[in-house]
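First comes the structure, then the notes that go with it.
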Amino acid sequence: MAFFQAQDISISFGGVQALNRVNFTVNQGEIFSIIGPNGAGKTTIFNCINRFYDLTGGVFLLEGKSISHAKPHDIADLGIARTFQNIELFKNMTVLDNLILGRHRKRRSNIFTEMLFIKPVRLQEIRSREKAEEIIDFLDLEAHRDQLVVNLPYGVQKTVELGRALAMEPTLLLLDEPTSGLNMEESEDLAFWLSDMKEELGITVIMVEHNMRFVKQTTDRVLAIDFGQAIVEGETNEVLTNPDVMRAYLGEENVCNA
Ligand SMILES: Nc1ncnc2c1ncn2[C@@H]1O[C@H](COP(=O)(O)OP(=O)(O)OP(=O)(O)O)[C@@H](O)[C@H]1O
Ligand SMILES: [Mg+2]
């Protein structure tokens, strides 16, 4: 059974058909990229998985079960975490606190148990701190752990956002343009972490990415879309060299002259 599947997904905003019967399949433990020109519908796919928007047609299946009726806050409980095209963090809190807060969906407590600080709540608190420290170690954030996010360089903020998503201990991680704004060295670090996340943590990743060099370096399989429609899905090299994909990116004229 496929780990994650989009079957005939569609959505429109007013007159704009942002996604039109798109299909794709992601296998467990793979790094899967969604590519396509600006406005193709890539982020909209994530927003629909997250239940920020309702699909007007089709369904997402996680391990064979539909998640299309899950409440937005249940998506994290299903093991799906996400980073955003524009970083979304608590900027006036420290790196450590952002990572601890990233785990709030994993905590099983209510106002009364929190007030009494009873044993299970204490244990959850300890586990959250341990997990945050593991992530600091994994992503090399030690030098920044007690700094306010607002004071950090952009690349480090992006790493913290990745850490916040990892704090959820996801089985499926959605990354929206993870290399945008990163320099070469930061992109190399990210490629390294992605490979560790896959090999050591067994996390399945769906990534929206414009940097084709990075896609080539990190990705197992790719879906290319344009104007809300799938162009092709397949092995990375096969998709990146597909003439229809090149045409979507470069325009007919440039492909002919290439
Ligand atoms: N909330 C919304 N209301 C109206 N139109 C929207 C909304 N969200 C997305 N769209 C439209 O849907 C289309 C797809 O947008 P989307 O953000 O998914 O593109 P994208 O592939 O992520 O592009 P980029 O590479 O620039 O991030 C665009 O035409 C966009 O204007
Ligand atoms: Mg986008």
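The values are calculated or read from the model by the stated rules, or taken from the named source; none is laboratory data. In this text, all values refer to a predicted model and were calculated from it rather than measured experimentally. Here Cβ is always computed from backbone atoms with ideal geometry, including for glycine, and neighbour counts include all displayed protein chains. Ligands, DNA and RNA are excluded from the accessible area calculation, which covers all protein heavy atoms including side chains. Shrake-Rupley method; radii C 1.70, N 1.55, O 1.52, S 1.80 Å.
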- [ ] State the number of residues belonging to the range 1-51 that are small (Gly, Ala, Ser) and farther than 14 Å from Met207 by Cα.
- [x] 9
Open item on the list: Anything in the range 199-255 that is more than 21 Å from the chain's Cα centre (by Cα) and open to solvent by less than 10 Å² (accessible area, probe 1.4 Å)? List them, or say none.
Closed with: Val245
- [ ] Might you let me know whether the range 44-55 holds any residue that is within 15 Å of the chain's Cα centre (by Cα), more than 16 Å from ligand 2 (Cβ to nearest atom) and surrounded by fewer than 18 Cβ atoms within 10 Å (Cβ to Cβ)?
- [x] no
Task: Selected residue (criterion: farthest from ligand 1 (Cβ to nearest atom)) from residues of the range 145-188 that are in a helix (DSSP H, G or I) and loosely packed, with under 15 Cβ neighbours inside 10 Å - done: Asn151
Open item on the list: Looking at the range 196-208, can you tell me whether even one residue there is assigned to a helix (DSSP H, G or I), under 26 Å from Ile49 (Cα atoms) and of a type in the set (S, T, N, Q)?
Closed with: no
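Results for (1) away from ligand 1 (no atom under 15 Å from the Cβ); (2) closer than 26 Å to Val215 by Cα; (3) of a type outside the set (Asp, Glu), shown as yes or no for each residue.
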position: Gly29; (1), (2), (3): yes, yes, yes
position: Phe32; (1), (2), (3): yes, yes, yes
position: Pro37; (1), (2), (3): no, yes, yes
position: Gly41; (1), (2), (3): no, yes, yes
position: Cys48; (1), (2), (3): no, yes, yes
position: Leu55; (1), (2), (3): no, no, yes
position: Gly58; (1), (2), (3): yes, no, yes
Task: Residues of the range 112-129 classified as modelled with pLDDT under 85 and surrounded by 15 or more Cβ atoms within 10 Å (Cβ to Cβ), total - done: 4
Task: Any chance Ser109 is in a loop (DSSP other than H, G, I, E, B), of a type in the set (S, T, N, Q) and either modelled with pLDDT under 90 or assigned by TED's automatic domain parsing to the domain that holds Glu161 (or both) - done: yes
Open item on the list: Let me confirm something: among Ile75, Ile67, which residue is in contact with a Lys or Arg (Cβ under 7 Å, 6 or more places away or on another chain) and in contact (Cβ under 8 Å) with a residue 12 or more places away in the chain?
Closed with: Ile75
Open item on the list: I need a count of the residues in the range 72-93 that are touching an Asp or Glu at 6+ places or on another chain (Cβ under 9 Å) and acidic (Asp, Glu).
Closed with: 1
Open item on the list: Name the residue that is nearest to ligand 1 (Cβ to nearest atom), counting only residues in the range 62-96 that are in a helix (DSSP H, G or I) and open to solvent by less than 60 Å² (accessible area, probe 1.4 Å).
Closed with: Ile75
Task: Subset of the range 24-42 (residues that are away from ligand 2 (no atom under 16 Å from the Cβ) and of a type in the set (Val, Ile, Thr)) - done: Thr25, Val26, Ile31
Open item on the list: Looking only at residues that are on the phi < 0 side of the Ramachandran plot and open to solvent by 80 Å² or more (accessible area, probe 1.4 Å) in the range 10-24, which one is nearest to ligand 1 (Cβ to nearest atom)?
Closed with: Phe13
